[in-house]
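K.L.:
The structure is given below, and queries will be raised subsequently.
No value in this document is a laboratory result; all are computed from the given coordinates. Computed from a prediction, not measured in an experiment: that's the story for all the values here. Glycine gets a Cβ as well: all are built from the backbone with ideal geometry, and neighbour counts include every protein chain shown.
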Amino acid sequence: MLKRTLLCILLAGSCGLMTAAQAQQLIYKWTDEQGQPKYSELPPPGGIPYETVRKSGGVAPGAETKDLAKEQEELARKLAEEEAKTQEEQEQAQKEVQDARARNCEIARKNVEVLQGDRPVVRPDAKGNKVTLDAQQREAELQKARKDLDYFCNP
C-alpha cells in the first residue's frame, strides 16, 4: 500500500514537473491590430494567428531534466528504504507470532500432561485461595487444554 502510494506520488510529481517546466518554457507570439508584436504565456484571443516561442531564461537547457532525475532518484531511494523497512517489520511481526505460538503450544502440552496425570491439580480461585479441582472441573480443563493444544500446535 505504501509502495503503491509513493509510486503514484512519484509519477504524479514527475508529470506535474514536466508539464510545469514545459508550460513555463513556451511563450505565445502574435501581432496586434497596430502591428506591434505581443508576447504572453497565455494564448491570444481566439481567431488571432500566433506562434509559440521557447522562453530563453536563466535555466540552462536540460536543468529541469537533471533536477527531475535527482528528485526521481531520491523518491526511488526513499521508496526502496520504506519498502525494506516495511518488509523487515513484517518479518519481525511474523517471527513474534511464531514464537508466541510455539510458547503457547508448549504451555498447552504441559497443561494436558498435568491434567491427564494422577496427581491432584490445584489452582487459585477468585480470592487467590488455592483450590483443588474435582473430577468434573478437571475434565472441563482438560478439554480446554486439548483445544488449545490443537489450535497452537497444529497450524
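K.L.:
Which order do the peptides 135-144, 36-45 take when ranked by the mean count of other beta-carbon atoms within 10 Å per residue, highest first?
P.N.:
Sorting 135-144, 36-45 by mean packing, highest first, produces 135-144, 36-45.
K.L.:
Treating only the Cβ atoms of Lys and Arg (+1) and Asp and Glu (-1) as charged, compute the dipole magnitude of the range 25-149 about its Cα centre; round to the nearest 20 debye.
P.N.:
720
K.L.:
Hey, what did the range 54-155 get for relative contact order, percent, Cα under 8 Å, at least 6 apart?
P.N.:
Relative contact order for the range 54-155 comes out at 26 percent.
K.L.:
Taking a spot 7 Å from the Cα of residue 143 along the direction of its beta carbon, which residues of the range 110-127 have an amide N less than 17 Å from it?
P.N.:
Backbone N within reach: 112, 115-116.
K.L.:
Residue-wise, which Karplus ³J(HN,Hα) couplings in Hz belong to the range 27-40, taking 6.51 cos²θ - 1.76 cosθ + 1.60, θ = phi - 60°, and x for glycine or proline?
P.N.:
10, 8, 10, 8, 10, 7, 4, 7, x, 8, x, 10, 10, 7
K.L.:
Would you give the gap between the C-alpha center of the range 99-155 and the C-alpha center of the range 36-51, rounded to a whole Å?
P.N.:
Centre-to-centre distance over Cα atoms comes out at 87 Å.
K.L.:
Next question, about the same structure. Is the shape of the range 81-129 rounded, prolate or oblate, going by the alpha carbon gyration tensor and its root eigenvalues a ≥ b ≥ c, with a/c under 1.5 for rounded and a/b larger than b/c for prolate? Could you put the intermediate results ahead of the total?
P.N.:
Values: a/c = 10.13, a/b = 2.73, b/c = 3.72.
Cα axes put the range 81-129 in the oblate bin.
K.L.:
Students often check this: by mean Cβ neighbours within 10 Å, which of 94-103, 145-154, 120-129 ranks highest, and how do the rest follow?
P.N.:
Output ranking for 94-103, 145-154, 120-129: 145-154, 94-103, 120-129.
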